[in-house]
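Heads up, the thing below is written out as C-alpha coordinates.
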Amino acid sequence: MHSNFILLLTIFSMIFISCKKEDDFIVTGMKPIYLPNDSLYDIRNIDIQPIVNSGTIYLWQNYLFVNEVGKGIHVIDKSNPSLSTKITFIKIYGNKNFSISDSTLFADNGKDLISIDIRDMLHIRVLKIVKDAIKNDNVFPPNFSGWFECADLSKGIIISWENTSLTNPKCNKQ
Amino acid sequence: MINFNLKISSVFLIVVLFFTSCSKDSNARLANEQGKSGSITRFAIVDHYLYSLSNNEIVVFDITKKDDPTKINSIKVAYNIETIFSYIGKLYIGASDGIYIIDITNPRSPLVQAKESHQVGCDPVVVKNNIAYSTVKQGVGCNNSFVSQSQLLVINVSNPNNPFTVNSFPMNAPQGLGYDGNILFVCDGASGIVVFDITNPTNPSQIQNIVGVNAVDVITDNGLLIVSTTNSYNFYDYSDVNNIIKLSQIDKN
(Lines give C-alpha, C1' and ligand atoms only; values in the text may rest on other atoms or scores of the structure.)
Protein backbone atom coordinates (compact mmCIF):
# COMPACT_ATOMS: atom_id res chain seq x y z
CA MET A 1 0.00 0.00 0.00
CA HIS A 2 2.66 2.36 1.09
CA SER A 3 4.95 1.55 -1.84
CA ASN A 4 2.02 1.80 -4.26
CA PHE A 5 1.32 5.28 -3.00
CA ILE A 6 4.93 6.32 -3.52
CA LEU A 7 4.87 4.82 -7.01
CA LEU A 8 1.69 6.75 -7.88
CA LEU A 9 3.17 9.94 -6.45
CA THR A 10 6.32 9.43 -8.49
CA ILE A 11 4.33 8.86 -11.68
CA PHE A 12 2.19 11.91 -11.03
CA SER A 13 5.25 14.05 -10.28
CA MET A 14 6.90 12.88 -13.48
CA ILE A 15 3.79 13.72 -15.47
CA PHE A 16 3.60 17.08 -13.77
CA ILE A 17 7.27 17.88 -14.35
CA SER A 18 7.14 16.76 -17.97
CA CYS A 19 3.96 18.79 -18.60
CA LYS A 20 5.57 21.82 -17.05
CA LYS A 21 8.63 21.40 -19.21
CA GLU A 22 6.64 21.16 -22.40
CA ASP A 23 3.89 23.71 -21.85
CA ASP A 24 5.08 26.31 -19.37
CA PHE A 25 6.96 29.36 -20.46
CA ILE A 26 9.48 30.10 -17.73
CA VAL A 27 11.52 33.27 -17.94
CA THR A 28 13.33 35.71 -15.69
CA GLY A 29 11.43 38.96 -15.26
CA MET A 30 9.89 41.39 -12.82
CA LYS A 31 7.18 40.75 -10.27
CA PRO A 32 5.25 43.46 -8.39
CA ILE A 33 5.50 43.60 -4.60
CA TYR A 34 2.21 44.77 -3.12
CA LEU A 35 1.43 46.55 0.06
CA PRO A 36 -1.89 45.31 1.42
CA ASN A 37 -4.41 48.15 1.55
CA ASP A 38 -4.83 47.87 5.33
CA SER A 39 -1.20 48.86 6.06
CA LEU A 40 -1.45 51.86 3.73
CA TYR A 41 -2.66 54.31 6.36
CA ASP A 42 -0.20 53.49 9.13
CA ILE A 43 1.37 56.95 8.82
CA ARG A 44 3.58 58.08 11.71
CA ASN A 45 7.04 59.01 12.95
CA ILE A 46 9.41 56.11 13.33
CA ASP A 47 13.13 55.90 14.18
CA ILE A 48 15.60 57.24 11.63
CA GLN A 49 16.15 54.85 8.74
CA PRO A 50 19.02 54.15 6.35
CA ILE A 51 18.74 56.06 3.07
CA VAL A 52 18.64 53.33 0.44
CA ASN A 53 16.54 54.14 -2.62
CA SER A 54 15.98 57.86 -2.40
CA GLY A 55 13.92 60.18 -4.58
CA THR A 56 12.65 63.76 -4.39
CA ILE A 57 14.44 66.31 -2.17
CA TYR A 58 12.70 69.27 -0.53
CA LEU A 59 13.84 72.08 1.72
CA TRP A 60 11.53 73.67 4.28
CA GLN A 61 12.72 75.97 7.05
CA ASN A 62 15.60 74.18 8.78
CA TYR A 63 14.76 70.77 7.43
CA LEU A 64 15.74 68.81 4.35
CA PHE A 65 13.17 66.17 3.39
CA VAL A 66 14.35 63.18 1.38
CA ASN A 67 11.91 60.70 -0.09
CA GLU A 68 12.65 57.02 0.43
CA VAL A 69 10.87 55.60 -2.60
CA GLY A 70 7.69 53.75 -1.59
CA LYS A 71 8.39 53.98 2.13
CA GLY A 72 8.24 57.55 3.40
CA ILE A 73 10.34 60.61 4.12
CA HIS A 74 13.67 61.12 5.93
CA VAL A 75 13.80 64.40 7.84
CA ILE A 76 17.26 65.97 8.15
CA ASP A 77 17.97 68.94 10.42
CA LYS A 78 20.22 71.36 8.56
CA SER A 79 20.06 74.29 10.99
CA ASN A 80 23.81 73.82 11.24
CA PRO A 81 24.72 72.72 7.69
CA SER A 82 28.17 71.62 8.86
CA LEU A 83 26.53 69.07 11.15
CA SER A 84 23.43 68.00 9.26
CA THR A 85 21.73 64.99 10.87
CA LYS A 86 18.68 62.81 10.38
CA ILE A 87 16.10 63.42 13.12
CA THR A 88 13.09 61.28 12.22
CA PHE A 89 11.43 59.25 9.50
CA ILE A 90 7.84 59.85 8.44
CA LYS A 91 6.46 56.48 7.45
CA ILE A 92 4.12 56.75 4.44
CA TYR A 93 3.93 53.54 2.43
CA GLY A 94 3.78 54.13 -1.31
CA ASN A 95 5.14 57.69 -1.04
CA LYS A 96 7.11 59.27 -3.86
CA ASN A 97 5.93 62.88 -4.08
CA PHE A 98 5.34 65.64 -1.57
CA SER A 99 5.32 69.37 -1.04
CA ILE A 100 4.93 71.67 1.96
CA SER A 101 2.89 74.79 2.61
CA ASP A 102 1.96 76.49 5.86
CA SER A 103 3.39 73.76 8.14
CA THR A 104 1.40 71.15 6.25
CA LEU A 105 3.00 68.30 4.36
CA PHE A 106 1.04 67.14 1.32
CA ALA A 107 2.16 63.66 0.30
CA ASP A 108 0.98 60.90 -1.99
CA ASN A 109 0.98 57.17 -1.50
CA GLY A 110 0.51 56.27 -5.14
CA LYS A 111 -3.25 56.80 -5.07
CA ASP A 112 -4.35 59.14 -2.26
CA LEU A 113 -3.38 62.67 -1.24
CA ILE A 114 -2.59 62.97 2.48
CA SER A 115 -2.30 66.24 4.41
CA ILE A 116 -0.13 66.06 7.52
CA ASP A 117 0.46 68.65 10.25
CA ILE A 118 4.24 68.95 10.77
CA ARG A 119 4.36 71.82 13.28
CA ASP A 120 5.82 69.31 15.71
CA MET A 121 8.19 67.40 13.46
CA LEU A 122 8.65 64.54 15.92
CA HIS A 123 4.91 64.12 16.43
CA ILE A 124 3.28 64.53 13.04
CA ARG A 125 -0.48 64.29 12.72
CA VAL A 126 -2.53 63.15 9.74
CA LEU A 127 -5.18 65.76 8.95
CA LYS A 128 -6.96 64.35 5.91
CA ILE A 129 -6.72 61.57 3.36
CA VAL A 130 -8.26 62.37 -0.03
CA LYS A 131 -8.78 58.85 -1.31
CA ASP A 132 -8.11 57.80 -4.91
CA ALA A 133 -7.27 61.37 -5.95
CA ILE A 134 -4.02 60.56 -7.77
CA LYS A 135 -2.89 57.73 -9.97
CA ASN A 136 0.84 57.15 -10.03
CA ASP A 137 0.45 53.46 -9.73
CA ASN A 138 3.53 52.38 -11.74
CA VAL A 139 1.84 49.34 -13.26
CA PHE A 140 4.98 48.93 -15.37
CA PRO A 141 8.35 48.08 -13.81
CA PRO A 142 10.51 51.22 -14.15
CA ASN A 143 13.56 51.31 -16.45
CA PHE A 144 12.95 47.79 -17.60
CA SER A 145 12.10 45.99 -20.79
CA GLY A 146 11.02 42.36 -20.95
CA TRP A 147 8.48 40.05 -19.34
CA PHE A 148 6.75 40.94 -16.08
CA GLU A 149 3.85 39.71 -14.01
CA CYS A 150 0.83 41.90 -14.83
CA ALA A 151 -0.12 44.24 -12.02
CA ASP A 152 -3.34 43.54 -10.13
CA LEU A 153 -4.13 46.68 -8.15
CA SER A 154 -6.92 44.95 -6.25
CA LYS A 155 -4.08 43.29 -4.30
CA GLY A 156 -2.94 46.70 -3.00
CA ILE A 157 -0.52 49.35 -4.17
CA ILE A 158 2.80 48.36 -5.75
CA ILE A 159 5.72 49.45 -3.58
CA SER A 160 8.50 47.82 -5.58
CA TRP A 161 9.39 45.25 -8.22
CA GLU A 162 11.63 42.22 -7.78
CA ASN A 163 13.60 40.29 -10.33
CA THR A 164 12.49 36.67 -10.25
CA SER A 165 11.60 33.60 -12.27
CA LEU A 166 8.16 33.90 -13.88
CA THR A 167 5.91 31.14 -15.18
CA ASN A 168 3.71 32.06 -18.16
CA PRO A 169 3.89 35.86 -17.72
CA LYS A 170 1.31 37.72 -19.82
CA CYS A 171 2.77 41.23 -19.74
CA ASN A 172 5.75 42.45 -21.71
CA LYS A 173 7.29 45.89 -21.95
CA GLN A 174 9.37 46.81 -24.99
CA MET B 1 16.56 112.72 -17.15
CA ILE B 2 18.12 111.95 -13.76
CA ASN B 3 15.17 113.57 -12.04
CA PHE B 4 12.79 111.58 -14.12
CA ASN B 5 14.62 108.37 -13.22
CA LEU B 6 14.57 109.35 -9.56
CA LYS B 7 10.84 109.92 -9.73
CA ILE B 8 10.27 106.56 -11.35
CA SER B 9 12.46 104.91 -8.74
CA SER B 10 10.56 106.52 -5.86
CA VAL B 11 7.21 105.59 -7.33
CA PHE B 12 8.48 102.05 -7.79
CA LEU B 13 9.77 101.99 -4.21
CA ILE B 14 6.45 103.25 -2.85
CA VAL B 15 4.52 100.69 -4.87
CA VAL B 16 6.82 97.92 -3.65
CA LEU B 17 6.51 99.09 -0.04
CA PHE B 18 2.75 99.29 -0.38
CA PHE B 19 2.52 95.76 -1.71
CA THR B 20 4.95 94.43 0.86
CA SER B 21 3.06 95.90 3.77
CA CYS B 22 -0.42 94.91 2.68
CA SER B 23 0.41 91.39 1.66
CA LYS B 24 2.32 90.60 4.82
CA ASP B 25 -0.34 88.67 6.66
CA SER B 26 -1.78 86.58 3.87
CA ASN B 27 0.03 85.59 0.70
CA ALA B 28 3.51 86.69 1.67
CA ARG B 29 3.37 84.67 4.83
CA LEU B 30 2.09 81.70 2.92
CA ALA B 31 4.86 82.10 0.36
CA ASN B 32 7.48 82.24 3.13
CA GLU B 33 5.98 79.16 4.65
CA GLN B 34 6.41 77.25 1.43
CA GLY B 35 9.45 75.13 0.92
CA LYS B 36 11.72 74.67 -2.05
CA SER B 37 11.83 71.54 -4.13
CA GLY B 38 14.54 69.90 -6.16
CA SER B 39 13.84 69.98 -9.90
CA ILE B 40 12.88 66.31 -10.11
CA THR B 41 9.39 66.46 -8.61
CA ARG B 42 5.76 65.79 -9.54
CA PHE B 43 4.14 68.17 -6.98
CA ALA B 44 4.02 71.98 -7.11
CA ILE B 45 2.22 74.36 -4.76
CA VAL B 46 1.19 77.78 -6.03
CA ASP B 47 -0.60 79.90 -3.42
CA HIS B 48 -3.65 77.91 -2.34
CA TYR B 49 -3.39 75.23 -5.00
CA LEU B 50 -1.45 72.01 -5.27
CA TYR B 51 -0.72 70.73 -8.79
CA SER B 52 0.15 67.06 -9.00
CA LEU B 53 1.15 65.01 -12.01
CA SER B 54 -0.97 61.87 -12.04
CA ASN B 55 -0.24 59.45 -14.86
CA ASN B 56 -1.23 61.54 -17.92
CA GLU B 57 -2.96 64.39 -16.06
CA ILE B 58 -2.43 67.41 -13.86
CA VAL B 59 -4.66 67.10 -10.82
CA VAL B 60 -5.56 70.35 -9.05
CA PHE B 61 -6.24 70.46 -5.31
CA ASP B 62 -7.58 73.43 -3.40
CA ILE B 63 -5.47 73.40 -0.22
CA THR B 64 -6.92 76.52 1.43
CA LYS B 65 -8.12 74.31 4.27
CA LYS B 66 -5.15 72.23 5.38
CA ASP B 67 -7.39 69.75 7.15
CA ASP B 68 -9.66 69.44 4.16
CA PRO B 69 -7.84 69.63 0.81
CA THR B 70 -10.18 68.95 -2.09
CA LYS B 71 -9.62 67.73 -5.62
CA ILE B 72 -11.20 70.32 -7.91
CA ASN B 73 -9.98 69.54 -11.41
CA SER B 74 -7.87 67.31 -13.63
CA ILE B 75 -6.48 68.19 -17.05
CA LYS B 76 -5.11 65.68 -19.53
CA VAL B 77 -1.61 66.40 -20.84
CA ALA B 78 0.32 63.28 -21.93
CA TYR B 79 1.48 59.95 -20.54
CA ASN B 80 5.17 60.83 -20.56
CA ILE B 81 5.04 63.81 -18.17
CA GLU B 82 7.78 63.62 -15.54
CA THR B 83 8.50 66.86 -13.68
CA ILE B 84 6.75 70.11 -12.78
CA PHE B 85 8.12 73.62 -12.08
CA SER B 86 6.01 76.69 -11.29
CA TYR B 87 7.10 80.22 -12.21
CA ILE B 88 5.01 83.41 -12.35
CA GLY B 89 1.58 82.30 -13.47
CA LYS B 90 2.82 79.29 -15.40
CA LEU B 91 3.61 75.63 -14.89
CA TYR B 92 6.46 74.12 -16.89
CA ILE B 93 6.11 70.39 -17.26
CA GLY B 94 9.08 68.30 -18.33
CA ALA B 95 7.98 65.36 -20.45
CA SER B 96 10.19 62.73 -22.00
CA ASP B 97 10.01 64.48 -25.36
CA GLY B 98 9.64 68.15 -24.56
CA ILE B 99 8.30 70.83 -22.25
CA TYR B 100 4.64 71.74 -21.84
CA ILE B 101 3.80 75.30 -20.84
CA ILE B 102 0.62 75.53 -18.80
CA ASP B 103 -1.12 78.80 -18.03
CA ILE B 104 -2.59 79.09 -14.51
CA THR B 105 -3.99 82.63 -14.69
CA ASN B 106 -7.14 80.88 -13.58
CA PRO B 107 -5.49 78.68 -10.94
CA ARG B 108 -8.43 76.29 -10.80
CA SER B 109 -8.36 75.58 -14.55
CA PRO B 110 -4.85 75.10 -15.95
CA LEU B 111 -4.65 75.58 -19.70
CA VAL B 112 -2.09 73.80 -21.89
CA GLN B 113 -0.57 76.60 -23.98
CA ALA B 114 2.27 75.09 -25.92
CA LYS B 115 4.77 72.33 -26.22
CA GLU B 116 8.46 72.71 -27.00
CA SER B 117 9.60 69.49 -28.64
CA HIS B 118 13.11 68.14 -28.49
CA GLN B 119 14.82 64.82 -28.62
CA VAL B 120 13.54 62.25 -26.19
CA GLY B 121 15.04 62.04 -22.70
CA CYS B 122 14.30 62.66 -19.03
CA ASP B 123 14.22 66.37 -18.57
CA PRO B 124 13.66 68.48 -15.49
CA VAL B 125 13.23 72.16 -16.26
CA VAL B 126 13.71 75.46 -14.40
CA VAL B 127 12.72 78.92 -15.63
CA LYS B 128 14.11 82.40 -14.99
CA ASN B 129 12.48 85.42 -16.59
CA ASN B 130 11.87 84.41 -20.21
CA ILE B 131 14.41 81.62 -20.37
CA ALA B 132 13.96 77.94 -19.52
CA TYR B 133 16.90 75.65 -18.79
CA SER B 134 16.34 71.95 -19.29
CA THR B 135 18.48 68.85 -19.42
CA VAL B 136 18.21 65.81 -21.67
CA LYS B 137 20.24 62.74 -20.87
CA GLN B 138 21.88 60.42 -23.35
CA GLY B 139 21.16 56.71 -23.29
CA VAL B 140 18.00 54.98 -22.27
CA GLY B 141 15.43 57.68 -21.54
CA CYS B 142 12.30 57.58 -19.41
CA ASN B 143 10.41 55.48 -21.92
CA ASN B 144 13.32 53.27 -22.89
CA SER B 145 13.89 55.57 -25.83
CA PHE B 146 17.39 56.37 -27.02
CA VAL B 147 18.96 59.82 -26.76
CA SER B 148 22.03 60.43 -28.92
CA GLN B 149 23.55 63.47 -27.17
CA SER B 150 23.18 64.67 -23.58
CA GLN B 151 22.57 68.39 -23.42
CA LEU B 152 21.67 71.43 -21.42
CA LEU B 153 19.07 73.26 -23.49
CA VAL B 154 18.38 76.99 -23.29
CA ILE B 155 14.83 77.73 -24.42
CA ASN B 156 13.21 81.08 -25.05
CA VAL B 157 9.74 80.99 -23.48
CA SER B 158 8.92 84.72 -23.79
CA ASN B 159 6.05 83.81 -26.06
CA PRO B 160 4.45 80.91 -24.18
CA ASN B 161 2.62 79.92 -27.35
CA ASN B 162 5.86 79.53 -29.26
CA PRO B 163 8.85 78.39 -27.19
CA PHE B 164 12.05 77.72 -29.10
CA THR B 165 15.56 76.47 -28.31
CA VAL B 166 18.17 79.22 -28.55
CA ASN B 167 21.27 77.45 -27.30
CA SER B 168 22.55 74.08 -26.18
CA PHE B 169 25.60 72.72 -24.38
CA PRO B 170 26.86 69.16 -24.56
CA MET B 171 26.84 67.45 -21.16
CA ASN B 172 27.79 63.98 -19.92
CA ALA B 173 24.80 62.70 -17.94
CA PRO B 174 22.77 65.72 -16.82
CA GLN B 175 19.86 65.40 -14.42
CA GLY B 176 18.46 67.92 -11.93
CA LEU B 177 19.26 71.61 -12.01
CA GLY B 178 18.60 74.80 -10.07
CA TYR B 179 19.60 78.47 -9.97
CA ASP B 180 20.12 81.32 -7.57
CA GLY B 181 20.39 84.77 -9.10
CA ASN B 182 22.85 84.50 -11.96
CA ILE B 183 24.30 81.14 -10.94
CA LEU B 184 22.97 77.94 -12.50
CA PHE B 185 23.91 74.55 -11.04
CA VAL B 186 23.52 71.54 -13.32
CA CYS B 187 23.95 68.00 -11.96
CA ASP B 188 25.96 66.08 -14.51
CA GLY B 189 26.10 62.56 -13.09
CA ALA B 190 29.63 61.27 -12.55
CA SER B 191 30.98 64.57 -13.89
CA GLY B 192 29.71 66.26 -10.73
CA ILE B 193 28.03 69.65 -10.69
CA VAL B 194 28.67 72.12 -13.47
CA VAL B 195 28.26 75.73 -12.37
CA PHE B 196 27.28 78.31 -14.99
CA ASP B 197 27.11 82.08 -14.91
CA ILE B 198 23.82 83.08 -16.54
CA THR B 199 24.30 86.87 -16.40
CA ASN B 200 23.80 86.60 -20.14
CA PRO B 201 20.76 84.31 -19.86
CA THR B 202 20.90 82.79 -23.33
CA ASN B 203 24.62 82.16 -23.24
CA PRO B 204 25.60 80.44 -19.96
CA SER B 205 29.34 80.33 -19.32
CA GLN B 206 30.87 77.62 -17.18
CA ILE B 207 32.67 78.99 -14.13
CA GLN B 208 33.09 75.97 -11.86
CA ASN B 209 32.87 72.22 -11.74
CA ILE B 210 32.36 70.46 -8.41
CA VAL B 211 33.92 67.06 -9.04
CA GLY B 212 34.06 63.79 -7.14
CA VAL B 213 30.29 63.40 -6.78
CA ASN B 214 27.71 61.60 -8.91
CA ALA B 215 25.15 64.40 -8.76
CA VAL B 216 21.42 63.84 -9.24
CA ASP B 217 19.52 66.94 -8.06
CA VAL B 218 20.08 70.28 -6.29
CA ILE B 219 18.37 72.86 -4.13
CA THR B 220 19.84 76.37 -3.75
CA ASP B 221 19.16 78.34 -0.58
CA ASN B 222 20.87 81.72 -0.21
CA GLY B 223 24.44 80.47 -0.41
CA LEU B 224 23.69 76.93 0.76
CA LEU B 225 23.69 74.27 -1.94
CA ILE B 226 22.09 70.92 -1.21
CA VAL B 227 23.00 68.13 -3.60
CA SER B 228 21.59 64.64 -3.79
CA THR B 229 24.13 62.23 -5.22
CA THR B 230 23.84 58.55 -6.00
CA ASN B 231 25.32 57.69 -2.59
CA SER B 232 24.98 60.74 -0.34
CA TYR B 233 23.48 64.16 0.46
CA ASN B 234 26.04 66.93 0.40
CA PHE B 235 25.87 70.49 1.71
CA TYR B 236 28.03 73.22 0.17
CA ASP B 237 28.57 76.92 0.85
CA TYR B 238 28.53 78.82 -2.45
CA SER B 239 28.41 82.37 -1.06
CA ASP B 240 31.73 82.79 -2.88
CA VAL B 241 31.05 80.98 -6.13
CA ASN B 242 34.76 80.88 -6.96
CA ASN B 243 35.44 79.08 -3.73
CA ILE B 244 32.63 76.59 -3.10
CA ILE B 245 33.18 74.84 0.24
CA LYS B 246 31.79 71.47 1.23
CA LEU B 247 30.16 71.68 4.67
CA SER B 248 28.87 68.21 5.39
CA GLN B 249 27.70 64.94 3.92
CA ILE B 250 25.09 62.35 4.89
CA ASP B 251 25.86 58.97 3.40
CA LYS B 252 23.31 56.48 2.23
CA ASN B 253 23.02 53.27 4.26
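The values are calculated or read from the model by the stated rules, or taken from the named source; none is laboratory data. If you're wondering where the values come from, they're calculated on a predicted model, not measured in any experiment. For neighbour counting, all protein chains shown are included, and Cβ atoms are generated from backbone atoms with ideal geometry for every residue, glycine included.
Considering only residues of segment A:158-174 that are among the hydrophobic types (A, V, I, L, M, F, W, C) and touching a residue at least 40 places away in the same chain (Cβ under 8 Å), which is farthest from the other protein chains (Cβ to nearest Cβ)? Give the steps one after another, and end with the answer.
Keep residues of segment A:158-174 that are among the hydrophobic types (A, V, I, L, M, F, W, C), which gives A:158-159, A:161, A:166, A:171.
So of that shortlist, the ones also touching a residue at least 40 places away in the same chain (Cβ under 8 Å) come out as A:158-159, A:161, A:166.
Details: A:Ile158: 14, A:Ile159: 17, A:Trp161: 15, A:Leu166: 19 Å.
Filtering segment A:158-174 for residues that are among the hydrophobic types (A, V, I, L, M, F, W, C) and touching a residue at least 40 places away in the same chain (Cβ under 8 Å), the one farthest from the other protein chains (Cβ to nearest Cβ) comes out as A:Leu166.
When restricted to residues that are crowded, with 22+ Cβ neighbours inside 10 Å, more than 7 Å from chain B (Cβ to nearest Cβ) and in contact with a Leu (Cβ under 8 Å, 6 or more places away or on another chain), segment A:89-113 contains 4. Among the residues making up segment B:157-180, those that are at pLDDT 95 or above and out of contact with any Cys (no Cβ under 8 Å at 6 or more places or on another chain) are B:Gly178, B:Tyr179, B:Asp180.
Do we have any residue at all in segment A:136-146 that's crowded, with 19+ Cβ neighbours inside 10 Å, part of a strand (DSSP E or B) and more than 7 Å from chain B (Cβ to nearest Cβ)? So far as segment A:136-146 goes, no, none of its residues is crowded, with 19+ Cβ neighbours inside 10 Å, part of a strand (DSSP E or B) and more than 7 Å from chain B (Cβ to nearest Cβ).
Every condition in (1) of a type in the set (A, V, I, L, M, F, W, C); (2) in a strand (DSSP E or B); (3) buried (at least 19 other Cβ atoms within 10 Å of the Cβ); (4) at pLDDT 90 or above holds for A:Trp161 except the one numbered (4). Within segment B:194-253, restricting attention to residues that are of a type in the set (Phe, Trp, Tyr) and over 13 Å from B:Ile183 (Cβ atoms), which residue is nearest to the other protein chains (Cβ to nearest Cβ)? Filtering segment B:194-253 for residues that are of a type in the set (Phe, Trp, Tyr) and over 13 Å from B:Ile183 (Cβ atoms), the one nearest to the other protein chains (Cβ to nearest Cβ) comes out as B:Phe235. Among the residues making up segment A:97-151, those that are touching a residue at least 40 places away in the same chain (Cβ under 8 Å) and among the polar types (S, T, N, Q) are A:Asn97, A:Ser99, A:Asn109, A:Asn136.
The number of residues in segment A:147-158 being within 20 Å of A:Leu113 (Cα to Cα) and either of a type outside the set (Gly, Ala, Ser) or crowded, with 18+ Cβ neighbours inside 10 Å (or both) comes to 5. Scanning segment B:195-232 for residues that are within 21 Å of B:Phe85 (Cβ to Cβ) and not in a strand (DSSP E or B) yields B:Ile198, B:Pro201, B:Thr202, B:Pro204, B:Asn222. Just give me the residues in segment A:103-116 being among the hydroxyl-bearing types (Ser, Thr, Tyr) and either under 16 Å from A:Lys71 (Cα atoms) or not in a strand (DSSP E or B) (or both), in sequence order. Residue satisfying the conditions is A:Ser103 alone.
If you go through segment B:205-230 and keep only what is surrounded by 19 or more Cβ atoms within 10 Å (Cβ to Cβ) and more than 16 Å from the chain's Cα centre (by Cα), you end up with B:Ile210, B:Val213, B:Ala215, B:Thr229.
Identify, please: which residue in segment A:117-135 is part of a strand (DSSP E or B), more than 9 Å from chain B (Cβ to nearest Cβ) and among the β-branched types (Val, Ile, Thr) and is, among those, nearest to A:Ile157 (Cα to Cα)? Among residues in segment A:117-135 that are part of a strand (DSSP E or B), more than 9 Å from chain B (Cβ to nearest Cβ) and among the β-branched types (Val, Ile, Thr), the one nearest to A:Ile157 (Cα to Cα) is A:Ile129. When A:Lys155 is tested against (1) in the same structural domain as A:Phe25 (by TED's automatic domain parsing); (2) among the basic types (Lys, Arg); (3) free of Cβ contacts under 8 Å to residues at least 40 places away in the same chain, only condition (3) is not met. Any residue that is of a type in the set (Val, Ile, Thr), closer than 12 Å to B:Tyr233 by Cβ and part of a loop (DSSP other than H, G, I, E, B) - is there at least one of those in segment A:58-81? The answer is no; no qualifying residue exists. If you go through segment A:35-84 and keep only what is small (Gly, Ala, Ser) and either surrounded by 22 or more Cβ atoms within 10 Å (Cβ to Cβ) or in contact with a Lys or Arg (Cβ under 9 Å, 6 or more places away or on another chain) (or both), you end up with A:Ser54, A:Gly55, A:Gly70, A:Gly72, A:Ser84. Among the residues of segment B:62-114, the ones that are within 14 Å of chain A (Cβ to nearest Cβ), assigned to a strand (DSSP E or B) and surrounded by fewer than 16 Cβ atoms within 10 Å (Cβ to Cβ) come to 4 in all.
Among the residues of segment A:58-88, which ones are more than 11 Å from every other protein chain (Cβ to nearest Cβ) and without any contact (Cβ under 8 Å) to a residue 12 or more places away in the chain? Scanning segment A:58-88 gives no hits.
At pLDDT 95 or above and either over 20 Å from the mean Cα position of the chain (by Cα) or small (Gly, Ala, Ser) (or both): is that true of B:Ile183 in this structure? No.
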